[in-house]
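Here the structure is laid out as C-alpha cells; the discussion comes afterwards.
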Amino acid sequence: MKQQVVIIHGGETFDTYKDYISSLKNREVSLDKLRSQRDWKDTLAERLGEDFDVLSPRMPNGTNARYKEWEIWFERITPFLGKDLIFIGHSLGGIFLAKYLSENTISKTIKATILVAAPFDDANEESLADFKLSSSLAKFSEQSGVIYLIHSKDDPIVPFEQLKKYKQGLPNSKTIILNNREHFNQEAFPEIIKLIRTL
C-alpha cells in the first residue's frame, strides 16, 4: 500500500480586509513574479516515486486566508485520507496543522508531521490573524506522530527564532536546520525527500 503524504501549502492572512487591500496595492510586482514557477511541493510526487501517494489540496483563499475556511476544507478532505499519514505544513500551512491538531482530535493515525518554515506567533512583520496558536501544543504532540521542525537560518519571511519557540512547546520534536534555503520556495528540497523515505 502506498504511503500517503499530505501537503498543506502556505498563504497570507490579515487582521482586516483593509490590510489585505493595502497589501495588494503595495506588494512588489515584477515579470519574474508573474511567470509560472514550480517549487518543491509541485515536484514532490515525482521525486518520491510510485511508493507514495502525495496529496496537495488547494486551501481556500491563500492570499487572504481565514482559519475557519481552512478548517472546514481540511475536514472535508479528511475522510479521503488513509492511516499512518505523513503531514507536511509549509509556512502558514505549518501553523494551520499545529493549531488544528492542538484543538481537534483527528480520526486518522499520523506517522509524522513535518513543519517547514512555520510561524509560531506574530513576532515577524506579518499578522497571523485567526491562525494564532492555542496556549498548549500538548494535543498536537500527542496525536501527530514524530514531529519534525525544518527551518533555514536565513528565512526572510519567518524568522529563525520561531523555530526555537516551537522547540520549547514541543521538546520531543526533531529539528533540521539549514543555512541558505530562505523560505523554501525552491524547486529542489532533497532533505525532505530523504526524510520522508526514512520514516
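Can you give me the number of residues within the range 84-104 that are in contact with a Gly (Cβ under 9 Å, 6 or more places away or on another chain) and either free of Cβ contacts under 8 Å to residues at least 12 places away in the same chain or not in a strand (DSSP E or B) (or both)?
The qualifying residues number 9.
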I want to confirm something. Restricting to the range 149-162 and keeping residues that are under 13 Å from the mean Cα position of the chain (by Cα) and at pLDDT 95 or above, which single residue is surrounded by the most Cβ atoms within 10 Å (Cβ to Cβ)? His151
Here, helices (runs of 4 or more DSSP H) confined to the range 15-81 with at least 2 residues that are under 17 Å from Leu128 (Cα atoms) are 17-26, 67-77
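So which of Phe52, Phe74, Phe14, Phe87 is within 19 Å of Gly145 (Cβ to Cβ) and either touching a helix residue (DSSP H, G or I) at 6+ places or on another chain (Cβ under 6 Å) or of a type in the set (Asp, Glu) (or both)? Full working, then the answer.
Working: Phe52 fails: either touching a helix residue (DSSP H, G or I) at 6+ places or on another chain (Cβ under 6 Å) or of a type in the set (Asp, Glu) (or both); Phe74 fails: either touching a helix residue (DSSP H, G or I) at 6+ places or on another chain (Cβ under 6 Å) or of a type in the set (Asp, Glu) (or both); Phe14 fails: within 19 Å of Gly145 (Cβ to Cβ).
After applying the criteria, what remains is Phe87.
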Gln143 fails exactly one of (1) over 22 Å from Thr105 (Cα atoms); (2) in contact with a Leu (Cβ under 7 Å, 6 or more places away or on another chain), namely (1)
Sort out which residues of the range 170-199 are over 26 Å from Asp51 (Cβ atoms) and either in contact (Cβ under 8 Å) with a residue 40 or more places away in the chain or hydrophobic (A, V, I, L, M, F, W, C) (or both), and write them in order of number. Leu170, Ile177, His183, Asn185
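The values are calculated or read from the model by the stated rules, or taken from the named source; none is laboratory data. Keep in mind the model is a prediction, meaning the values are calculated, not measured. All Cβ positions, even for glycine, are placed from backbone atoms using ideal geometry, and neighbour counts span all protein chains on display.
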